[in-house]
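Have a look at the structure below, then the notes.
The values are calculated or read from the model by the stated rules, or taken from the named source; none is laboratory data. It should be emphasised that the depicted structure is a prediction, and the values quoted were computed from it without experimental measurement. Quick reminder, even Gly has a Cβ in these numbers, built from the backbone with ideal geometry, and neighbours come from all protein chains shown. Accessible surface is based on the protein model in full, side chains and every heavy atom, while ligands, DNA and RNA are left aside. Shrake-Rupley method; radii C 1.70, N 1.55, O 1.52, S 1.80 Å.
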Amino acid sequence: MKLGETGIGIGRAVPPPLPDWPADRDLGSFQLCIYTDDARVAAERLRSLGLTQVTAPRDMPWGERLTFFEDPDGNLIHVTSVLDQGGDEAVES
């Protein structure tokens, strides 16, 4: 769902395509994806509020920066932002 520049999505609980994703991690019941202007800033704010971060923000080859958190029930919260097309699109580890 998208409203202006804001987007939100709900998906089934599947492991994300990340090379360092723990294979045995519980995925919860669903995955909530929230688009933000800056995933790094959003991650700092969520950490400061005490949320558990699962992965650090990283740039993906398809042009998004993403990070994962979990809610109190263990469901994944996928925080992402669209990268500037002129920016670095290399995957960060």
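Remarks
- Here the label points at R45 and L83, each 7 Å from Cα along the C-beta direction, are separated by 2.3 nm in the simple model.
- Order of exposure, largest accessible area first, which applies to R65, R45 with probe 1.4 Å: R45, R65
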